[in-house]
1. Of the residues that sit in region 367-413 and are on the phi < 0 side of the Ramachandran plot, in a loop (DSSP other than H, G, I, E, B) and polar (S, T, N, Q), which one is surrounded by the most Cβ atoms within 10 Å (Cβ to Cβ)?
2. Of the conditions (1) acidic (Asp, Glu); (2) within 26 Å of Cys633 (Cα to Cα); (3) modelled with pLDDT of 95 or more, Glu745 satisfies every one except a single condition; which number is it?
3. Quick check: is even one residue across region 608-628 more than 30 Å from Glu739 (Cβ to Cβ), among the hydrophobic types (A, V, I, L, M, F, W, C) and touching a residue at least 24 places away in the same chain (Cβ under 8 Å)?
4. Would you point out the residue of region 561-575, among those that are of a type in the set (Gly, Ala, Ser) and closer than 25 Å to Gly529 by Cβ, that is surrounded by the most Cβ atoms within 10 Å (Cβ to Cβ)?
5. Residues that are crowded, with 16+ Cβ neighbours inside 10 Å, more than 29 Å from Arg627 (Cα to Cα), in contact (Cβ under 8 Å) with a residue 60 or more places away in the chain and aromatic (Phe, Trp, Tyr): does region 807-822 have at least one?
6. Counting only residues that are among the β-branched types (Val, Ile, Thr) and within 28 Å of the chain's Cα centre (by Cα), how many does region 305-329 have?
7. So if I check each of Ser453, Ser421, Ser465, Ser448, which one is of a type in the set (S, T, N, Q) and modelled with pLDDT of 85 or more?
8. In region 700-737, what residues are charged (D, E, K, R) and modelled with pLDDT under 95?
Amino acid sequence: MSSMRSHKLVLFFAISCLLLHEKCTDASVCKESERKALLEFQHSLQALGVSGNDAFFWISEECCLWRGVYCNSFTGYVEMLDFSDQPLVVAGTISPSLLKLHHLTSLNFSSNDFNGSLIPEFFASLKKLKLLDLSNANFRGPIPSLLGNLSMLETLRLGGNGRVFNVGKLEWLSHLSRLKELDLSFTNLSNANDWSQVISHLPLLQKLSLRHCGLPSISSSSLSLANSSTSLTYLDLSDNNLPSSAIYPWLFNVSSNLVSLDLSSNQLKGPIPEAFGNMKAIQELYLNDNLLVLAENQVRGDSGLNEIGKLPDFRVLDLGYNLLNGSISKSIGQLSNLRVLRLPGNSFGGDVISEAHFSNFTYLQKLDLSYTSLTLRFNSGWIPSFQLSQLLLCSCKLGPRFPDWLRTQMDVLNPDVEISSIDYLDISASGISDSLPYWFWDKFQGLSYINMSFNRISGTFPNNSIHIIHLDLSSNNFSGPLPRFSLDYNMGTINLSKSKFTGSVSPICNFTGAVYLTLFDLSNNLFSGVVPDCFGSFPFLTALNLGDNSFSGSLPSSLGSLVSLEMLSLRGNKFSGVLPSSLQNCAKLKFLDLSDNELSGEIPMWIGQKLSSLVFLSLQGNQFRGRIPHQLCGLKYLQILDLSVNKISGTIPPCLNNFTSMAKKVSLDRRIEHHILDTGPRFLSLEGVYGEPIWIIQVRYVDEALLTWKGTKQSYPQLGLLLAIDLSCNKLTGEIPEELSSLQELVVLNLSRNLFNGKILQKIGYIRQLEVLDLSRNKFSGNIPTSLSELTFLSNLNLSYNDLSGKIPTSTQLQSFDPSSFSHNRGLCGPPISPNCSMVEPPPGKPTVGSEEDCDEFMKWFYTGMGLGFAVGLWGFCSVVFFKRSWRHSYYRYLDSAKDWVYVSFVLLKTRLVRRIKGLSTRSD
């Protein structure tokens, strides 16, 4: 019987082979015609400089075994090409040889780089395609309307190609009647005024993403044609600036089956509509970054939120960064199935949150109340019913005691594996002034992200190694030696700045997984000793800040191995010796601050030749000598140059006009911002119920310039507002080169306490944006240039202690300065130092110029300089402050009028200097 059955199976197999006209014994073998077509496709990429073997590993003869090629196991025909997991580096077009793959049903080039190529029109001839994915592949140009011929298409993804646009209407989409998924995100659809009408007539469409498409508003005629029986379950219309009137009527007509809805970053105004409560299938609702408010009845929980609370399976609610205010009703607890609750960036004032708000949140996994100024007040011993994976409470009021209930959120899920249930913890700026509890270090080991910055938390680290990916404990009172870290082979950031850590930093050489460290900040602590020469272990380090400690010795030569470094601050230490030549290997450096050390030698020429990306350069307060190398003129992106308080001699190189950012109004990044992205803990979303997609941790920090003026330091995170050159307190000679007048965007120019002579540059007034000008204590002679009166933004001026003469030019600006700005000049007259030029007070004696002792005295009280402040910011709390010019002017005037103690200090200093000068004059006589 079994033999007969076997014969029948063989017979059936043979008949099937005859019907298919195939040699079934060779069904898994690549078809020769298709192998040639694939090789031709591969060759077209090779011609553009991509090695076929490197790109695809197409080495064997069997094309069905080639990487990215999938054949039908029965027929042997190529049915799928999927290169989404192997990014290419190509330029040009895709070969039409793919048309020879007659059985192709799936084509996926997602996450590759086609260098701005046009989307090939011949794709429209691949009639059997069910999936076409060109997302995030750097295509450009119009979407070919011929794609509407792909009548079998079920999935079309063109999103993430920022230069792709639609020429006109989307009518061609209506021919894709089998379409189930459509992604056109980040595509310019500003002319597609029929988008809502077309979408409503795709009967099988389930998933639609039109994020950041510049969608036009929906017309009333489109509303009348909308199909209310749509099968849409996932809809993303975020970041389109759509007003409420343009989206609500259409939305509530097609929302019967929606499971996930994203309307974030639009222009939705007014109260939250009750109609959201009619979406019976809805599980996820994203309304963040709009202009929504809570109506009076909604504050009491009687309307919109209350209606949402009745939905049976509601899981995600995001109302962050709206205009919500008032109190949060306890009725929010009706959302008993909620997994994610986000309300950050709203104005709830001093509202108090208690355990009653969370009593029904059994399934809550993510809670974000950041930047709401809410007070969280729970009874002692409260044990939440939920187990969070992410907790973000930045700027909420949790203190002064460390919240003990957090211990329940850090219980290990598996006793055999020391991993806590919570992945992401942010309790920064939460008013905690307590010692860290004994249980914390044992519980937190599995966290991917911890931010407890800007509190007053004290304590020491344990002796055992700390396992962490991203750690920010800055601006606290932690003490003790540097802990040992294990980064577990993930991208990591460590910020321990502004605390009281002590001792050596030699443990950095033993960090486990240090190769993946990207940000390391130990600034403003009490560390000391020699910095170990082991930075070769940190190849991905982007920012290193060891500033404001007590380090000594030479700079480690291994700093030159940090080829990814963009920011380096070693300021405020006791480093000595010359700059290691290896630093020139750090070609990506944008921010270099070596100020306030004991470094010596000449300024290396390679700074201008190799570090061409520099935006900030400060060598202030060292012992550099020699001339300013003309190679520095190659730093065309430079926004702040501070070489003050050194022993530099010679003249100013005239080529400084090559500083493009100072000479022209160019579109440069006015901040030095670094964004460190990393795959972090799992983020719950609609798809997360099944696939748990990995979300991204973003650590953001900003390099800030510090302006010291009359003893007060102010930070300027927008460096472009502080375009500055400070060469003060050196031994520079000669005249100001005329080329300097072409730096029309320069804001601060300080050449004080040098040996400059001759006349002040006649075209000084051409630097129209000048706000601070200090030429004091030099040997300038002659008249004050009349062009100086044209500097309408000038708020701080010092021309004192020179040999200037003649009448002070008349202008509202110049006459508003204190007489001390012009004092101790030979023959200067007129307001503000005298009513007219018939009353000229002779100078009391010849002042000393540029002495080191004089500079040191001046530095204590009246030195204008630049420096570096380093901060790891949080979205909102530590965000960049945008200074307006009018604010800066008002602030300077406020300092002059309000800081009485500064004025008294200056008067005492002035008296002391006058006495010294008189004494010197007497001795000389």
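1. To start, the set of residues in region 367-413 that are on the phi < 0 side of the Ramachandran plot comprises 367-370, 372, 374-380, 382-394, 396-413.
Narrowing the set further to residues that are in a loop (DSSP other than H, G, I, E, B) leaves 369-370, 372, 374, 377-380, 382-389, 393-394, 396, 398-403, 411.
From what's left, polar (S, T, N, Q): 370, 372, 379-380, 385, 387, 389.
On the way: Ser370: 28, Thr372: 26, Asn379: 8, Ser380: 7, Ser385: 13, Gln387: 16, Ser389: 21.
Among them, the one singled out is Ser370.
2. (3)
3. Applying the first criterion (more than 30 Å from Glu739 (Cβ to Cβ)) to region 608-628 yields none.
No, region 608-628 contains no residue that is more than 30 Å from Glu739 (Cβ to Cβ), among the hydrophobic types (A, V, I, L, M, F, W, C) and touching a residue at least 24 places away in the same chain (Cβ under 8 Å).
4. Filtering region 561-575 for residues of a type in the set (Gly, Ala, Ser) gives 561, 564, 569, 572.
Okay, now just the ones that are also closer than 25 Å to Gly529 by Cβ, so 561, 569, 572.
Numbers: Ser561: 19, Ser569: 26, Gly572: 21.
The selected residue is Ser569.
5. Within region 807-822, none of the residues are crowded, with 16+ Cβ neighbours inside 10 Å, more than 29 Å from Arg627 (Cα to Cα), in contact (Cβ under 8 Å) with a residue 60 or more places away in the chain and aromatic (Phe, Trp, Tyr).
6. First pass over region 305-329, keeping only residues among the β-branched types (Val, Ile, Thr): 308, 316, 328.
Okay, now just the ones that are also within 28 Å of the chain's Cα centre (by Cα), so 316.
Result for region 305-329: 1.
7. On the way: Ser421 fails: modelled with pLDDT of 85 or more; Ser465 fails: modelled with pLDDT of 85 or more; Ser448 fails: modelled with pLDDT of 85 or more.
Exactly one of Ser453, Ser421, Ser465, Ser448 is of a type in the set (S, T, N, Q) and modelled with pLDDT of 85 or more, namely Ser453.
8. First pass over region 700-737, keeping only residues charged (D, E, K, R): 700, 703-704, 710, 713, 726, 731, 735.
Residues satisfying the conditions are Arg700, Asp703, Glu704, Lys710, Lys713, Asp726.
The values are calculated or read from the model by the stated rules, or taken from the named source; none is laboratory data. Only a predicted model underlies this, so the values are computations on that prediction, with no experimental measurement involved. Note that we place each Cβ from the backbone using ideal geometry, even for glycine, and neighbour counts take in every protein chain shown.
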